[in-house]
Amino acid sequence: MRLSAATAIIFAGLVSGCTSSSSLDTIAPRPSRETTSSVVLSAAPVPAANVGARISEVTPPQTVQSAPPQEMLAWAGPVPEPEAFVPAANTTTTTATMDMPVPGARPVAFVAPDNPVTQTMPQGRSRIYGHRFRDAKPINFGRAKNPRKMAVHGVDVSRWQGEIDWSKLRTQGANFAFIKATDGGDHLDPMFKKNWRAAKAAGMRRGAYHFFYWCRTAGEQADWFIRNVPREPGALPPVIDVEYNGESSCKRRLSPERVREKMQVFMDKLEAHYGQRPIIYTAPDFYADNLQGAFQNYPFWLRAVAQHPSKVYPNRKWLFWQYSGSGLSHGVDGKIDLNVFHGSEDEWYDWLEARAN
């Protein structure tokens, strides 16, 4: 049917914006109230797995064509050249003297080193510090399932934690940290470079995470992460953070099948580059809609801040549990996300050693 010029203009306005190639896409209902340190709702800063298994900041508005190019469902192409930052020349530099990025700026990718593999992480059985965190909104998970009784605690951070005293944070019980690196295909957390180096200098085990943007191709996002996150022996596996975000400019929800296809492309590419199977971080509502029964051979990091994961994610094995978004600790101003590893101290050491091989 031919349309009048006025009708065509109106029609074009209705279909513009971020669209998806999936015919099963629907407009997103009211988003989850669950938040993490990467999903900020105000201007103020906020923030059983088989143990041997391998294992939020919104991107700027993206313009997506009505018919985006089709993605491969399994990645088999070349890995881009990394452009991760060059290690600091003076390894004794303290966090107080390191340059402070401007949170509002969008940095470009770091300069590529001659060798993409940077200094190695500390090896061996480093000291495990006991839990000394407090919580602004403590939850009673029950005596048998209280995360405070678990052996190995850690944190996850992004720009919203500002300046961190990593040495002090570690002695408070942060034995590991997942650090926000990228989201979408063009945004780099302005504190990533500083946090990555300082956490290592404090002797902490750390890994990087990517907040997945559903209006950008998975391949572009994987390339962006690889360009900005160094490949270091001893680093924790990379993390893909998949959840709903009401602050995002991308308002469409993909079908569960399309969600899993895009995730697979991203994870395949990261696994090929880093040599470790990525960890999947998710929240209850997103998991219920898209991930039940999926990715059984991948390690999961689950957000469950009101009930134990066994209640929120029935029958799902997990490796890390984010049990609070309101943690308080010396070394950090404001709140911080608290996490725990699913296993004993010996199992933690065994898991780390398996990652190093």
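The values are calculated or read from the model by the stated rules, or taken from the named source; none is laboratory data. All values reported here derive from a predicted model rather than from experimental measurement. Note: ideal-geometry Cβ built from the backbone for every residue, glycine included; neighbour counts use all protein chains shown. Heads up: the accessible areas ignore ligands, DNA and RNA and are worked out on the full protein's heavy atoms, side chains in. Shrake-Rupley method; radii C 1.70, N 1.55, O 1.52, S 1.80 Å.
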* **Zone residues, the stretch 134-164, relative to L328, backbone N less than 12 Å from point 7 Å out along Cα-to-Cβ** => 134-138
* Show the residues, 5+ positions off or on another chain, whose built amide H is closer than 5 Å to the amide H of D135. => L328
* Long-range amide H partners of R277 with built H, under 5 Å -> I55
* Structure fact -> The answer for A151, listing residues at least 5 apart or on another chain whose modeled amide H is closer than 5 Å to its amide H, is G343
* **the stretch 248-336 - percent of accessible surface contributed by carbon and sulfur, probe 1.4 Å** => 45 percent
* Structure fact -> Distribution output for the stretch 150-270: share of Cα-Cα pairs per 5 Å bin in percent, first bin at 0, values 2, 11, 21, 21, 18, 13, 9, 5, 1
* Asked: Using the alpha-carbon centroid of each, what span in Å lies between the stretch 158-178 and the stretch 301-324?
  -> 22 Å
* Heavy-atom accessible area per residue - the stretch 126-176, 1.4 Å, Å² -> 50 Å²
* How long is the stretch 268-315 along each principal axis, judged by its Cα atoms, biggest number first, in Å? -> 36, 18, 16
* To do: Please list 153-162, 265-274 highest first by mean number of surrounding beta-carbon atoms within 10 Å per residue.
  => 153-162, 265-274
